[in-house]
Each structure stands twice: as structure tokens, then as C-alpha cells.
1. Taking only pairs six or more apart or across chains, which ones have beta-carbon atoms under 6 Å, a first residue in segment 57-74 that is in a helix (DSSP H, G or I), and a second residue that is open to solvent by less than 10 Å² (accessible area, probe 1.4 Å)?
2. Filter segment 98-140 down to residues that are out of contact with any strand residue (DSSP E or B) (no Cβ under 9 Å at 6 or more places or on another chain) and at pLDDT 70 or above and give me whichever is most open to solvent (accessible area, probe 1.4 Å).
3. Mind checking which strands (runs of 3 or more DSSP E) fall wholly inside segment 176-280 and carry at least 3 residues that are over 18 Å from Lys119 (Cα atoms) and touching a Lys or Arg at 6+ places or on another chain (Cβ under 8 Å)?
4. Of the residues in segment 46-60, how many are surrounded by 19 or more Cβ atoms within 10 Å (Cβ to Cβ), in contact with an Asp or Glu (Cβ under 9 Å, 6 or more places away or on another chain) and hydroxyl-bearing (Ser, Thr, Tyr)?
5. Quick one: count up the residues across segment 61-80 that are open to solvent by 30 Å² or more (accessible area, probe 1.4 Å) and not charged (D, E, K, R).
6. Given the residues Phe279, Phe220, which is the only one that is surrounded by fewer than 21 Cβ atoms within 10 Å (Cβ to Cβ) and at pLDDT 95 or above?
7. Please work out which one of (1) in contact with a Pro (Cβ under 8 Å, 6 or more places away or on another chain); (2) surrounded by fewer than 18 Cβ atoms within 10 Å (Cβ to Cβ) is the condition Arg233 fails and give its number.
8. Can you report the number of residues in segment 184-205 which are surrounded by 20 or more Cβ atoms within 10 Å (Cβ to Cβ) and either touching a residue at least 60 places away in the same chain (Cβ under 8 Å) or aromatic (Phe, Trp, Tyr) (or both)?
Amino acid sequence: MLLTIAYDGSTFHGWQKQPGERTVQGYLEQTMSRLFDREILLSGTSRTDAGVHAYGQRASFKADIGIPAEKIALVVNNALCAREGSESGRGGFAKSPVRILSAEEMPSDFHARFDSKGKRYIYKICAGASLLQSEEAKHSLVFERNYVYHVNSWTGSDASSGRLDVPAMQEAAKCFEGEHDFKSFEASGGNPRETTVRRMFAASVRETESAADRLQRVEFTIEGDGFLYNMVRIMTGTLVEVGQGKRRPEEIRKIIEAADRQAAGHTAPPNGLYLAEVFY
């Protein structure tokens, strides 16, 4: 069975089950095992870090639960809300931070992670340092703090406005496309890799602006056949530095060629990152 899952990662210590930690995998496995009265073990596609969110995580499991695939989402979501209501004290008004979007039958040898052909991530950024004195902007900082990267450190030519140079970021992002050794964009601490070569299918940066608070909204979207540990967050941090005028767009190619983590920019925080889709 293949599940498509959305979750708010701000209350979890990442996807992967860990002793003594509240994780998405552990939360789901506990809830489903109680619901179906048998052990449910999930194999997730992406081991998202603490604070990272998902629009379309995928996970597979093998168990005879006696429920048609088309009804699994409804049954599990009701159980998730009931658990959240009980643990939070909000009762029937509670909504779970995890939701099953769909469930579908798959061949017996299917594996959500190993059969994946690629993923798409979205990273959300909020900028506009000179405008943060407005009440609307202050409210955005309070209510969006767990869901976007609030950029507030400026040394570039546009420091007075606090706005990112989105065309420069878009030019830089295009350098990620194609097959490259992305060792410069891998953080230490991940699982050892046989190779750090990956193929990026598409990379883009777009700007949206909220009339409500006048802050600049920027989204970095990237699709590829695989990603290294903290790769998207390091890419984002490097693009932010391009947007701030600290780096030139053409430097990205030199950073890739360096194959050295020290050549790339800072690691953006986890809260702006979303696993958008997994491809099969």
C-alpha cells in the first residue's frame, strides 16, 4: 500500500522514527498500529529533518488490514484527529498535524523509497527588512515563523530595502540543472554515499508579494533524481546570498566544481522547506 502524506513538521523531530522523539513516522505507525490492531511499519521516501514540512511525502507498508484502499485515508485521518484531540485536550475540535491524502494498492515488491524516480522540493523565503516596522509585517513574523525563512541580515547593494534580487537568484538557480557532483552542497553528518553525483531536472526561483504586509515572498523550487543531506537548504542559503548581492550568479558553477562544502553558502533553516512531490 502506498500512502501520500502531508504534514506540518514544526511539531516533529523529523520524519524518521527515533527513540524518545516525536517523529512523523513514529506518530503514524503508532496510530495505525492501534487502529488496525497489528504492527504497521512504514517505509518513507524522504527522511525530512526536524521542522521540515511535506505536501506530498510517500510511504509504503505491507499488511492485511481488511479495508479497501479508497477508505484508508478517511479511517486513518479520523484516528489521527481523535488522537490529537485526546492528547491536546481540544476534543472534537482538534485537527491533526499529519494527514493522509490518498492510499493506493501497489505490487507486492513495491518500495516507496527505492522505486522513486525523483522528488520536487519547494523552499519559501520572506524578505523586506525595511518594512518590518509595520504591524502587518510584525504579525507575519509571529504567525509564519515556523513556515518560511525570514531573511533579515543584509550587506548587499539593496540592503536599504531588504529585498532580494530575484532575477539574479533565478540565473544562479539555473546553474543547478543537469548532472553534477553536488558535494559542495552536502552537509556532514548524513549517511555515507557511494556518489555525490545527482541530476537536477529543473530549478527555478519566483517572487510573490503579499499586499497585506508588503513583504517580499520568494520560492525556490527544485526537482531531481536524488538529494544529499541538507542539499536543498545549502542551495537555498547560497541563493539567498546571491539575492543579497554577496555572491554573483555565475559563482554557482565554480562552487559546484570546487566539490567543497566550504565553497557554498550558509545552510538555510529547516522551517522554509517543503517536500512537494515524489515521482514514480
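1. Here the result reads Ala73/Ile100, each pair linking segment 57-74 to a residue that is open to solvent by less than 10 Å² (accessible area, probe 1.4 Å).
2. Asp109
3. On the way: elements: 178-181, 197-209, 216-224, 273-279.
Counting at least 3 such residues, we get 197-209, 216-224.
4. Of the residues in that region, 1 qualify.
5. 7
6. Matching residue, one of Phe279, Phe220: Phe279.
7. Just one mismatch for Arg233, condition (2).
8. 3
The values are calculated or read from the model by the stated rules, or taken from the named source; none is laboratory data. Keep in mind that what you see is a predicted model, and the values were worked out from it rather than measured. Quick reminder, even Gly has a Cβ in these numbers, built from the backbone with ideal geometry, and neighbours come from all protein chains shown. To get the accessible areas, we keep the full protein, side chains included, count just its heavy atoms, and leave off ligands, DNA and RNA. Shrake-Rupley method; radii C 1.70, N 1.55, O 1.52, S 1.80 Å.
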